[in-house]
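J.: Take a look at the following structure, please.
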Amino acid sequence: MPVQKTTLLIAGLCLLGALVAPPAARAQLVDEGYSLDLVEIPVLGSGRVVSMGGAFVALAEGIDGVPFNPAAYAVRNAREHHFFEWELSPSISFGTSDNDVFNSGQGGLNVNSQLSLDLGLRLQFGPVGIGGYLHLETYNAEIDGRSVSVVATRSHAGAGWGLMDGQLVVGVGFRALQASLSASSEMGETLTLDLFTFEGFGVEVGAIYMPADRPYRVGAAIATP
């Protein structure tokens, strides 16, 4: 078949497909039986965590790795050589209405301000490590002319144990999630309506195997809902 006819045939098929394709669907809330996803965007944490997009289960070490693997409570870094070591890790991130906080482009949620705060403390006693980690995140946005505020906290506490001279580390911990959503009334911002608040608790366990004479690490972590 000549090239010109082939091109016309392909263009005609594309046009036909566009004409018969169903129109884009629009989601509607027909009742109150829907759920909300509490998604953390963007990936937050240390520079190493952010650079790997959160794929940190096998590389988790120190208190910054606790949200990804509870075995990190007892994973020493390369500079920790004493029987007792301690680690304090604070970090803060914020955004304003001038920034596209959710990287959604035009038509996204109009976020007036966003604040993320992380604080972790770890104590290491030989092969045993204990600690706690707190993540706080708040958003203030405008939806249908109302001022909406979201506050969410995630807490971790637990301990880990190093075996085989630290080549195998296991850990266990507890985590708690609290979130609340409030909005101004239709009359203005003088009256704040608490739409909902919920809390949840769970258990998490994890392990990291990092042989000293091999160029690989293997990690696994599991948490209850």
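J.: Kindly check whether there is at least one residue in segment 144-157 that is closer than 30 Å to R76 by Cα, polar (S, T, N, Q) and in a strand (DSSP E or B).
T.: yes
J.: Suppose we filter segment 82-115 for residues that are modelled with pLDDT under 75 and surrounded by 15 or more Cβ atoms within 10 Å (Cβ to Cβ); how many remain? I'd like the intermediate steps shown before the answer.
T.: Of all residues in segment 82-115, those modelled with pLDDT under 75 come to 95-111.
When the remaining residues are screened for being surrounded by 15 or more Cβ atoms within 10 Å (Cβ to Cβ), the result is 95, 101-102, 111.
So the answer is 4.
J.: In segment 155-175, what residues are open to solvent by 40 Å² or more (accessible area, probe 1.4 Å) and either of a type outside the set (F, W, Y) or more than 22 Å from L123 (Cβ to Cβ) (or both)?
T.: Within segment 155-175, S155, A157, L163, M164, D165, Q167, L168, V170, V172, R175 qualify.
J.: Another question, then. Can you say whether A183 is part of a strand (DSSP E or B), more than 25 Å from A55 (Cα to Cα), touching a residue at least 12 places away in the same chain (Cβ under 8 Å) and open to solvent by less than 60 Å² (accessible area, probe 1.4 Å), as far as the supplied structure shows?
T.: For A183, the condition - part of a strand (DSSP E or B), more than 25 Å from A55 (Cα to Cα), touching a residue at least 12 places away in the same chain (Cβ under 8 Å) and open to solvent by less than 60 Å² (accessible area, probe 1.4 Å) - is met.
J.: Also, quick follow-up: Might you check whether a residue that is touching a Leu at 6+ places or on another chain (Cβ under 6 Å), loosely packed, with under 12 Cβ neighbours inside 10 Å and modelled with pLDDT under 90 occurs anywhere in segment 74-81? Even if it seems obvious, please write down each step before you answer.
T.: Residues of segment 74-81 touching a Leu at 6+ places or on another chain (Cβ under 6 Å): none.
Checking segment 74-81: not a single residue is touching a Leu at 6+ places or on another chain (Cβ under 6 Å), loosely packed, with under 12 Cβ neighbours inside 10 Å and modelled with pLDDT under 90.
Here's the yes/no breakdown for (1) of a type in the set (D, E, K, R); (2) over 29 Å from A60 (Cα atoms); (3) modelled with pLDDT of 95 or more:
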| position | (1), (2), (3) |
| --- | --- |
| G126 | no, no, no |
| L136 | no, no, no |
| E142 | yes, yes, no |
| S149 | no, yes, no |
| D165 | yes, no, no |
| M210 | no, no, no |
| G219 | no, no, no |
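The values are calculated or read from the model by the stated rules, or taken from the named source; none is laboratory data. Keep in mind that this is a model prediction, so the values were computed, not measured. Every residue, glycine as well, gets a Cβ built from its backbone with ideal geometry; the counts of neighbours run over all protein chains shown. All accessible areas refer to the heavy atoms of the entire protein, side chains included, with ligands and DNA or RNA removed. Shrake-Rupley method; radii C 1.70, N 1.55, O 1.52, S 1.80 Å.
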